[in-house]
1. Yes or no: A:Ile170 hydrophobic (A, V, I, L, M, F, W, C), within 18 Å of B:Ser173 (Cβ to Cβ), within 11 Å of chain B (Cβ to nearest Cβ) and out of contact with any Ser or Thr (no Cβ under 8 Å at 6 or more places or on another chain)?
2. Scan the stretch B:71-88 and give yes if some residue there is within 14 Å of the chain's Cα centre (by Cα) and either modelled with pLDDT of 85 or more or open to solvent by less than 50 Å² (accessible area, probe 1.4 Å) (or both), otherwise no.
3. Which residue, of B:Thr32, B:Thr27, is part of a loop (DSSP other than H, G, I, E, B) and within 14 Å of chain A (Cβ to nearest Cβ)?
4. Given the conditions (1) closer than 22 Å to B:Ile124 by Cβ; (2) open to solvent by less than 30 Å² (accessible area, probe 1.4 Å), which single one is not true for B:Leu28?
5. Is one or more of the residues making up the stretch B:153-176 in a helix (DSSP H, G or I), of a type in the set (Phe, Trp, Tyr) and more than 20 Å from the chain's Cα centre (by Cα)?
6. Do we find that A:Ser10 is more than 25 Å from B:Lys67 (Cα to Cα), of a type in the set (Ser, Thr, Tyr) and at pLDDT below 80 in this structure?
7. Just to be sure before I move on: is A:Ser152 part of a helix (DSSP H, G or I), of a type in the set (Gly, Ala, Ser) and facing another protein chain (nearest Cβ under 9 Å) in the structure I sent?
8. Could you name every one of the helices (runs of 4 or more DSSP H) located completely within the stretch B:72-113 that has at least 1 residues being among the small types (Gly, Ala, Ser), more than 10 Å from chain A (Cβ to nearest Cβ) and free of Cβ contacts under 8 Å to residues at least 24 places away in the same chain?
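The values are calculated or read from the model by the stated rules, or taken from the named source; none is laboratory data. Note that the coordinates shown come from a computational prediction; the quantities given were computed from them, not determined experimentally. Neighbour counts are summed over all protein chains in view; Cβ atoms, including those assigned to glycine, are modelled from backbone coordinates with ideal geometry. The area values use the complete protein model at the heavy-atom level, side chains included, leaving out ligands, DNA and RNA. Shrake-Rupley method; radii C 1.70, N 1.55, O 1.52, S 1.80 Å.
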Amino acid sequence: MKEILIIMLSAVFVDNFVLSKFMGICPFLGVSKKLSSSLGMGAAVIFVMVCATCVTYPVYSLILEPNGLEYLNTVAFILIIALFVQLVEIMLKKVMPPLYNALGVYLPLITTNCAVLGVTLLNIDNGYTFVQSIANAFFAGVGFTLALILFSGVRSKLETADIPETFKGIPSTLIAASIVSLSFMAFSGLIK
Amino acid sequence: MSNFKEFSKGLIKENPNLVGLLGMCPTLAVTTQAVNGIGMGLATTFVLVGSNIVISLLRNVIPKTVKLPCYIVIIAGFVTLISFLLHGFIPSLYDALGTFLNLITVNCIILGRAEMFACKNKVIPSALDGLGMGLGFTLSLFLMGSVREILGSASWMGIKIPGMQPMSVFVMSAGGFFVLGCIIALVNKISGKKPPKKIGCAGCPNAENCASAKGGQE
């Protein structure tokens, strides 16, 4: 239980995926304009991260590892994620249309979101057990969502701010991200 | 002559990183030192050239409906190859790049060039295009890495700069965002262009395939 708690604190605050590990910057900058789309993207990422971990972990420990094929993990994982995203899209469309309408738009984007591939690879690198891996995937997704939601608030203020011409758009967004990231540095002493 | 153009356009004019705003994650993550920036850039160049050549050779064989998974598998194959090579020959760089070496697979520059160029052009122009784009990416990573290393650890390429105080915030994550923001603003100022309003989806070359960029219609 204590380990799960540490994984939670670490994934959400200390080593936040977006703000300190720099994974998933593209959706972070692309989708964080509105609160509603941040929430949708975040929920889709949590969902796919947990599902992908449920599949990649057994594939690695039951198929790749016993056969000495550890080096194939990148190829295998990205294929699983690509397949999974497609599958989830089809299933959601059929089974839960309301959820599909809410998340569907963001699903294809997730294949090339490096946070998803990153979390599956990091679970293996860190030597987590199955339960720890799922906890890590879930809370990494929560951390991603938290960063997106916080940043969408910052950006809505930025829209109306008076910024020098050359800094308008992306440069000012990046500098705002730097300040948000600075505030997350306060958590860095939380876990030894 | 036209071949040279394919090569040179990626270096400055259509620099994938600073003008195209692609491949942000590695740009921010590995550029704490100039050397790491060069290493990451060259590894990406290798994958880019290799995958461009293979995809260009197979451009008439790969069916349209499954091209994205095919491209990803080809790219992932080259990524596995380069991670073996680095692990064997330059273990220090392998350790410094860490997970981001494997994450070259999902770098949108590579998928973007496959989609925009390699699947429509012959082998030699595709290889040159990959080389140019890769070197352009290397150049911008080197620039980022240099700025962050000089300001953040008061050294350059591992050589200490005498009489300078390091500002360690620049090697941390916040400094990465800040430096990149300033460099893009500078590029806009020099080129006299208005900065693009949006990042990611709309600027991404995969936007055509991506349902979300088109507002949900597949």
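1. Values: hydrophobic (A, V, I, L, M, F, W, C): yes; within 18 Å of B:Ser173 (Cβ to Cβ): yes; within 11 Å of chain B (Cβ to nearest Cβ): yes; out of contact with any Ser or Thr (no Cβ under 8 Å at 6 or more places or on another chain): yes.
For A:Ile170, the condition - hydrophobic (A, V, I, L, M, F, W, C), within 18 Å of B:Ser173 (Cβ to Cβ), within 11 Å of chain B (Cβ to nearest Cβ) and out of contact with any Ser or Thr (no Cβ under 8 Å at 6 or more places or on another chain) - is met.
2. Residues of the stretch B:71-88 within 14 Å of the chain's Cα centre (by Cα): B:75, B:79.
Going one step further and asking which of them are either modelled with pLDDT of 85 or more or open to solvent by less than 50 Å² (accessible area, probe 1.4 Å) (or both), we end up with B:75, B:79.
Yes; the residues of the stretch B:71-88 include at least one that is within 14 Å of the chain's Cα centre (by Cα) and either modelled with pLDDT of 85 or more or open to solvent by less than 50 Å² (accessible area, probe 1.4 Å) (or both).
3. Working: B:Thr27 fails: part of a loop (DSSP other than H, G, I, E, B).
Going through B:Thr32, B:Thr27 in turn, just one is part of a loop (DSSP other than H, G, I, E, B) and within 14 Å of chain A (Cβ to nearest Cβ): B:Thr32.
4. (1)
5. Among the residues of the stretch B:153-176, at least one is in a helix (DSSP H, G or I), of a type in the set (Phe, Trp, Tyr) and more than 20 Å from the chain's Cα centre (by Cα), which makes the answer yes.
6. Numbers: more than 25 Å from B:Lys67 (Cα to Cα): yes; of a type in the set (Ser, Thr, Tyr): yes; at pLDDT below 80: no.
Taking the combined requirement at face value, the residue does not satisfy it.
7. Working: part of a helix (DSSP H, G or I): yes; of a type in the set (Gly, Ala, Ser): yes; facing another protein chain (nearest Cβ under 9 Å): no.
No, not satisfied.
8. Numbers: elements: B:91-97, B:99-102, B:108-113.
Of the helices (runs of 4 or more DSSP H) lying wholly inside the stretch B:72-113, those with at least 1 residues that are among the small types (Gly, Ala, Ser), more than 10 Å from chain A (Cβ to nearest Cβ) and free of Cβ contacts under 8 Å to residues at least 24 places away in the same chain span B:91-97.
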